[in-house]
Amino acid sequence: MIIHSHAKDYQVTLYEDFSFLEKLLDTPNSFLVLDETVYTLYKDKLFAKVRDGLEDRFFLIKAEESNKTIETALAVCEKISDLRAKRNSTLISIGGGIVQDITGFAANVLYRGIHWQFVPTTLLAACDSCIGGKTSLNYKTYKNILGTFFAPDQIHICPEFFQTLSQKDFESGLGEVIKFNVMAGEEGISLLENRMDKLQKRDKDLLGQVVLRSLEFKKRFIEEDEFDRGVRIQLNFAHTFGHAFETMSHYEIPHGTAVAMGVVAANHVSLLRGWMGKDLADRIEALLLNIIHVDLGCLNTDTEALIGAMRKDKKQTGNSLTTVLMKEDNMELCIVHDTSEEEIDEAIRYLLTLLRERNES
Ligand SMILES: NC(=O)c1ccc[n+]([C@@H]2O[C@H](COP(=O)([O-])OP(=O)(O)OC[C@H]3O[C@@H](n4cnc5c(N)ncnc54)[C@H](O)[C@@H]3O)[C@@H](O)[C@H]2O)c1
Ligand SMILES: [Zn+2]
């Protein structure tokens, strides 16, 4: 798959097994940044050569939000600037969204841009964040407020990596996969309904297929509106709710799971407005409940506090709340500036009751 962007076109390639890595790791003048957990899990199988001969071309990152800072990005820059062929070096990064955000930022600002290749190792990074070119860093208590647009030159996806993800991170990735396939309409929804079991068992071929379908869907929006001023905002579907669940759980609820919860809440507002029928809302909810496993004890479930967190979302501009909602007709995505607090309150209460009842049963 080729993604067109103003700066360059870049390619996404799907691989059946790890054999592509050998050639990638032989890239001349390359500098490797690896997720520490990925390194630990795969060092003998995939990274023996790195360990034995490339110590000065090698940087490990512990994938924690507290490390997604400008200091870590600068540390990567410093290491690369120590190399002899610095300007011509290629940064290769292997990891999830945290490693992607740090290395994308570093590759963008160092010498105003160096070559960068990315291997997403989480389902979430593979099905969503790896394309679109956003880099985001946290600053103090502010999440993702520093950032640029800079895409990798190439993206290499190998679903084999998803086999070792924790259940929590795997289900977080499935949250975004389900969201994309729901947005794609009946075909995507029935595909998931028929194969949810296989997907949850991490079938590699099916994972490759749904990752590509998700990226194909996202591609249309980012190519038309690369810099997030128009149609790309529609991809924010469920995210205003999701970000509130993420922050109010202090990131105990991972991004994709929070988004999955956001889909249920957003669809409930659509239902209240008569934009979506109960049958469709129930079908989507049934899919999502397969992968939403949260201990609500980690979340401040006071709806007023949750609405307050939604207001703080960086994409909120006016007094009333902006959300992206879905209409059943043509599965149209609408940017709605007048979502009322009452609607949101009712939708969140609905979601929380649903999850409580499910958790108790
Ligand atoms: N730039 C964007 O467009 C964009 C979009 C969405 C999210 N994000 C960011 O991405 C981050 C979340 O990324 P994520 O969900 O990919 O996870 P992550 O990078 O936080 O990784 C999650 C966990 O999985 C581990 N891990 C990674 N690959 C593994 C593997 N193959 N096997 C076992 N463990 C593995 C990591 O070490 C970590 O513990 C957030 O910081 C979010 O803000 C960025
Ligand atoms: Zn998302």
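None of the figures in this text is laboratory data; all of them are computed from the coordinates on show. Remember, it's a predicted structure, so these values are computed and weren't measured experimentally. For neighbour counting, all protein chains shown are included, and Cβ atoms are generated from backbone atoms with ideal geometry for every residue, glycine included.
Residue exposure proxy: Lys86, Lys62, ordered by other Cβ atoms within 10 angstrom of their Cβ from fewest to most, comes out as Lys62, Lys86. When the chain is treated as a Gaussian network with alpha carbon springs shorter than 10 Å, the biggest mean-square fluctuation among Tyr142, Tyr251, Tyr111 belongs to Tyr142. Sparse packing (at most 12 other Cβ atoms within 10 Å of the Cβ) combined with a DSSP loop state is found for the following GluC sites (Glu not before Pro) in the stretch 6-98: Glu16, Glu64. Relative to the Cα centre, the charge distribution of the chain, modelled as +1 at Lys and Arg Cβ and -1 at Asp and Glu Cβ, gives a dipole magnitude of about 1080 debye.
Loop-located trypsin sites (Lys or Arg not before Pro) in the stretch 267-307 (DSSP state other than H, G, I, E, B) with a sparse environment of at most 16 neighbouring Cβ atoms within 10 Å: Arg273. Between Phe149 and Asp295, the contour length at 0.36 nm per residue exceeds the Cα-Cα span by 49.1 nm. The equivalent ellipsoid that matches the C-alpha gyration tensor of the stretch 96-158 spans semi-axes of 18, 15, 8 angstrom, in descending order.
A dipole drawn for the stretch 2-163 from +1 and -1 charges on Cβ atoms has a positive end, and of Ala63, Cys127, Ile114 the residue lying farthest that way is Ile114.
Structure remark: mean-square fluctuation, Gaussian network model of the chain, C-alpha springs under 10 Å; the largest value among Ala281, Ala125, Ala107 belongs to Ala281. Spatially, the stretch 78-100 and the stretch 298-361 are offset by 39 Å when compared through their Cα centroids. Helix 341-360 and the long axis of the chain differ in direction by around 80°, with both axes built from C-alpha atoms.
Volume per residue of the convex hull around the Cα atoms, evaluated for the stretch 2-163, comes out as 105 Å³.
The simple Förster model, with R0 at 35 Å and r as the Cβ-Cβ distance, assigns Gln167 and Asn88 a FRET efficiency of 0.25. Using the alpha carbons alone, the radius of gyration of the stretch 168-260 stands to its Kirkwood radius in an Rg to Rh ratio of 0.99. Using R0 = 41 Å, the C-beta based FRET efficiency linking Glu342 and Phe20 works out to 0.20. The C-alpha atoms of the chain define a longest principal axis, and helix 167-183 lies at about 60 degrees to it. Legend: calculated FRET efficiency, Asp56 to Glu186, from the Cβ-Cβ distance at R0 = 45 Å, rounded to 0.05, equals 0.25.
Relative to the Cα centre, the charge distribution of the stretch 2-163, modelled as +1 at Lys and Arg Cβ and -1 at Asp and Glu Cβ, gives a dipole magnitude of about 520 debye. With the largest listed first and rounded to whole Å, the semi-axes of the equivalent ellipsoid of the stretch 1-79 from the Cα gyration tensor are 22, 20, 14.
The angle between the Cα long axis of helix 278-289 and the main principal axis of the chain comes to about 40°, on a 0 to 90 degree scale. Under conditions of 20 °C and 1.002 mPa s, the chain yields 102 µm² s⁻¹ as its translational diffusion coefficient, taking Rh as the Kirkwood radius over Cα pairs in the Stokes-Einstein equation. For the stretch 183-243, the set of trypsin sites (Lys or Arg not before Pro) satisfying both a DSSP loop assignment and a count of at most 14 other C-beta atoms within 10 Å is given as Lys201, Arg229. When the charge dipole of the stretch 222-360 is built from unit charges on Cβ atoms (+1 for Lys and Arg, -1 for Asp and Glu) and taken about the Cα centre, the candidate among His293, Ala309, Gln234 whose Cα reaches farthest toward its positive end is Ala309.
Taking the helices alone, the chain has a mean residue ellipticity at 222 nm of -15000 deg cm²/dmol, built from -39,500 (n - 2.57) per DSSP H run of at least 4 residues and averaged over all its residues.
Of all DSSP beta bridges in the chain, what percent run antiparallel (nearest 5)?
40
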